[in-house]
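Below is one structure, written out as structure tokens, with a few remarks after it.
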Amino acid sequence: MGTIFSDIRYGMRSLLKRPAFTLIAVVTLALGIGVNTAIFSVVNAVMLRPLPYENPGQLVRLWSDLSGQRTDQHEFCPAEITEFRDQLTTFEEVGFFDQGLSANLTGGTQPERVNGSEASPGLFNVLRVKPVIGRTFLPNETDVKQSKVALISEALWRRRFGADRNLAGRTIQLDGEAFTLVGVLPESFRFPEKVDLWLPFSFTAADWQNDRQHYYVLAVGRLKPGVNVSQAKADVETIAQRLSPTFSAARKKWGITIIPMHEQVVGKVGTTLWILFGAVGLVLLIACVNVANLMLTRTADRHKELAIRVALGAGKGRVIRQLLFESLLLALIGGGAGVLLAVWITKLFSASLLESLPRAEEVAVDGRVLVFTFAVSLLTAFIFGIAPALQGSNPDLNQTLKEGGRRSSSGSRRSLRNVLVVSEIALSLVLLIGAGLLMRSFVRLQNVNAGFDSHNVLTMELTLPQIKYPKTSDQNAFVQQALQRIEGLPGVKSVAATINLPLVGTWGMGYDVVGHQNEHNQVADNANITPNYFRTMGIPIRQGRDFSEHDTTEGTPVIIINETFARKHFANENPIGQVVDAGQKRVVVGVVGDVKPRGLDRETRPQLYLPYAQKPTIAPFFTFTIRTETEPLSVAASVQKQIESLDKDLPVANIRTMDQIVSTSLEQRRLTMGLFIGFAVIALLLAAIGVYGVVSYSVTQRTHELGIRVALGARWSDVLRLILKQGIALATTGVVVGVAAALALTRLMSSLLFQVGTTDLLTFVSVAGGLVVVVLLACYVPARRATKVDPLEALRSE
């Protein structure tokens, strides 16, 4: 132990004597370890940490499947999932819920719209959630119309009710109706998403037994102890075969898809995270290679000291240990600095990932992350320290002591440094090509025609309480009044209302084209809209007309289709006047341009537009779209005042521009691209520094040779070419190796790309060419210094 402490003290003194070297090495390692720690904190929170439920491995999501492959994920109708639930033998319990509930919370100083979910009492039993105060739903509280009970989140409890411990049992006003608040759910409970309100389902017990028309129910189940997913799948398949004689011809393959809850929560983001984790692993490897090169140079500078140590009796193991201790000190200091950098990065992550990443609020540098960082620090110390240690432990005593201290560098040392630099260049090229592919993909995505003009369009959502607006005609009257008032405001060019906004999502609607051959279960995207919607959104009308104020329940049922629908069903005939049966036979009066309702990267499907005044069911929620002459948010306050003048208890929610909606739809891809570019830039800088260091050291070692060349008549251009030749050789070798590695590794990124191949020639060529230029620039500075070698000084130094 005494010699170990002695080695540590000596290593610390040695590092302090060379502050420039130590600072460069620590900063390099801090960058590599810091970004690895930050990304691992995200991977840990999203992928590795168990879900915040009791025995989360028993939880599974259940989905309706029509394909027979048991991979589809669709909602259930109440009757079919109830039939299955009653016959399941491998589940403790199955809970039901749906998404998209919203209600106006009134009774305080300011009305507030809260997002929520309808849920069965079994949901809370399945998830085994324990309320902060009060209770969850009782087994008989399955119908909101009869029970009139509600649960709220801890966040809403604190924000709206001041964390009143006596709140359970009190009455709150939701959409103008009195509900008894029976409990408050804990902050850790974020199911199905980040919602603040839970109500019982709005369907009666009879509806649950008979309703096979409405598909909106979602399900989560808890397996019995000792039951695995394969056994559960076999259980539901047995039930499906038993029930199949009762299925219609179109649903003969119907069954249930079962997905473990953790897999469902993580979704497709898992692939992205592992790719990013691999990218930062390459950054760390480049950092290690860079520090290893620095250590090799420093070891070469200490060749006489190490030779004297060996000559005085120091064994090979003792010298290796001494040098590895110095590497370990560097790695631990760099790791500590990396943790501080990671804490800062994770704070940025938490702010920017909340909307695009599941469990983003759980991202933090915790104990597991610190253990990971410590392990990475030890590993990096070995990676960058072992080669210099082995080189330094085996000096040529005769040659070194004869030289009287003059620096020398053996061919093996030069070769090792060159190999390390080539590795840096190759690894950097892999990251740069990956970043280039993502950039091209993102540019392609931005250039996708969304089908509408997002500039100068303001949107805001409202929900009309059914107790106050019980009929479709009541809702239509309110919407019409609001539209007239908003349209009269200064700065407003046009206004309309819709139930579904582009890029935010939509619902499917089954349909048949009258007089045409139809497929089974044809589904189209749909939206209920008011007149002027297409003008307000900048959606072109290709044929026919827009809806008008005459398209009401008293008029002929009409419908407008998109171009994709027209191409699919009316390729060789005029679509105007055709009849589409979408729950009701409707006459096609117009064809409009395609829009992207589900995302810019999603394929456009057939879409149906129905007049808001002819909507088939009571739909109390809608969104105003307002095209303005000035900055859209500047008219938001005026619009809110007009809504308040019509109904003071009606809160406006989600005020945002269409530009913001478009930007949000690209957020995850933008973040992935930005991180990849950041990692690639760090790698490029480290590679450039590595090349500069090797070439600069080579110039220093060859000072005597260069002096002789100049003395014998070599011109400065000859010397410059001689040094740059070394850089070109390194760059060429690194690019060749890097391209080969990129061809293999970029295939893993295919799921992140859009309309760009993993072997895109333009990206490979442009990135490789740019990297060669950077390497040559890194070589140019020491090469210019070499041209200024004074032959008298160089020869005198001998």
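The values are calculated or read from the model by the stated rules, or taken from the named source; none is laboratory data. Only a predicted model underlies this, so the values are computations on that prediction, with no experimental measurement involved. Neighbour counts are summed over all protein chains in view; Cβ atoms, including those assigned to glycine, are modelled from backbone coordinates with ideal geometry. These area figures cover heavy atoms from the full protein model, side chains too; ligands, DNA and RNA do not enter into them. Shrake-Rupley method; radii C 1.70, N 1.55, O 1.52, S 1.80 Å.
On the given criteria, is Leu489 in a loop (DSSP other than H, G, I, E, B), more than 26 Å from Gly674 (Cα to Cα) and either open to solvent by 20 Å² or more (accessible area, probe 1.4 Å) or not polar (S, T, N, Q) (or both)? It is true that Leu489 is in a loop (DSSP other than H, G, I, E, B), more than 26 Å from Gly674 (Cα to Cα) and either open to solvent by 20 Å² or more (accessible area, probe 1.4 Å) or not polar (S, T, N, Q) (or both).
Which of the residues belonging to segment 679-688 are open to solvent by 30 Å² or more (accessible area, probe 1.4 Å) and under 13 Å from Ile433 (Cα atoms)? Break it down into steps so the answer makes sense when it comes.
Of all residues in segment 679-688, those open to solvent by 30 Å² or more (accessible area, probe 1.4 Å) come to 681-682, 684-685.
Val681, Leu684, listed by residue number.
Pairing residues of segment 552-577 that are without any contact (Cβ under 8 Å) to a residue 40 or more places away in the chain and over 15 Å from Val514 (Cα atoms) with residues that are open to solvent by less than 10 Å² (accessible area, probe 1.4 Å) and of a type in the set (A, V, I, L, M), at Cβ distances under 8 Å and at least 6 apart in sequence or on separate chains, gives Glu563/Val591; Glu563/Val592. The requirement of being in contact with a Gly (Cβ under 8 Å, 6 or more places away or on another chain), open to solvent by 10 Å² or more (accessible area, probe 1.4 Å) and under 30 Å from Trp254 (Cα atoms) is fulfilled nowhere in segment 460-474; no residue meets it.
Rundown of residues vs (1) buried (at least 17 other Cβ atoms within 10 Å of the Cβ); (2) within 30 Å of Tyr697 (Cβ to Cβ), yes/no style:
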position: Ala30; (1), (2): yes, yes
position: Ile33; (1), (2): yes, yes
position: Val43; (1), (2): yes, no
position: Val60; (1), (2): yes, no
position: Gln69; (1), (2): no, no
position: Arg85; (1), (2): yes, no
position: Thr90; (1), (2): yes, no
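In this structure, does His516 turn out to be farther than 21 Å from Val558 by Cα, assigned to a loop (DSSP other than H, G, I, E, B), out of contact with any Asp or Glu (no Cβ under 6 Å at 6 or more places or on another chain) and open to solvent by 10 Å² or more (accessible area, probe 1.4 Å)? No: the conditions fail for His516. Taken as a whole, the structure leaves Thr746 outside the set of residues that are assigned to a helix (DSSP H, G or I), closer than 29 Å to Gly693 by Cβ, touching a helix residue (DSSP H, G or I) at 6+ places or on another chain (Cβ under 8 Å) and free of Cβ contacts under 8 Å to residues at least 60 places away in the same chain. Within segment 459-491, the only residue that satisfies the criterion of being more than 19 Å from Leu101 (Cβ to Cβ), touching a helix residue (DSSP H, G or I) at 6+ places or on another chain (Cβ under 6 Å) and at pLDDT below 90 is Asn476. Scanning segment 702-721 for residues that are touching a residue at least 24 places away in the same chain (Cβ under 8 Å), crowded, with 17+ Cβ neighbours inside 10 Å and in a helix (DSSP H, G or I) yields a total of 5.
Of the strands (runs of 3 or more DSSP E) contained entirely in segment 92-211, those carrying at least 1 residues that are open to solvent by 20 Å² or more (accessible area, probe 1.4 Å) fall at 112-119, 171-174, 177-185. Among residues that are more than 25 Å from Leu273 (Cβ to Cβ), open to solvent by less than 20 Å² (accessible area, probe 1.4 Å) and within 26 Å of the chain's Cα centre (by Cα), Leu15 is not included.
The set of residues in segment 735-769 being modelled with pLDDT under 90 and either closer than 27 Å to Leu420 by Cβ or open to solvent by 50 Å² or more (accessible area, probe 1.4 Å) (or both) consists of Ala744, Leu745, Thr746, Arg747, Leu748, Met749, Ser750, Ser751, Gln755, Thr759.
A quick yes/no check of all residues on (1) under 33 Å from the mean Cα position of the chain (by Cα); (2) modelled with pLDDT under 90; (3) hydrophobic (A, V, I, L, M, F, W, C):
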site: Thr628; (1), (2), (3): yes, no, no
site: Glu667; (1), (2), (3): yes, yes, no
site: Val694; (1), (2), (3): no, yes, yes
site: Leu722; (1), (2), (3): no, yes, yes
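Screening Pro358 on (1) modelled with pLDDT of 75 or more; (2) open to solvent by 50 Å² or more (accessible area, probe 1.4 Å); (3) under 27 Å from the mean Cα position of the chain (by Cα) shows it passes everything except condition (2).
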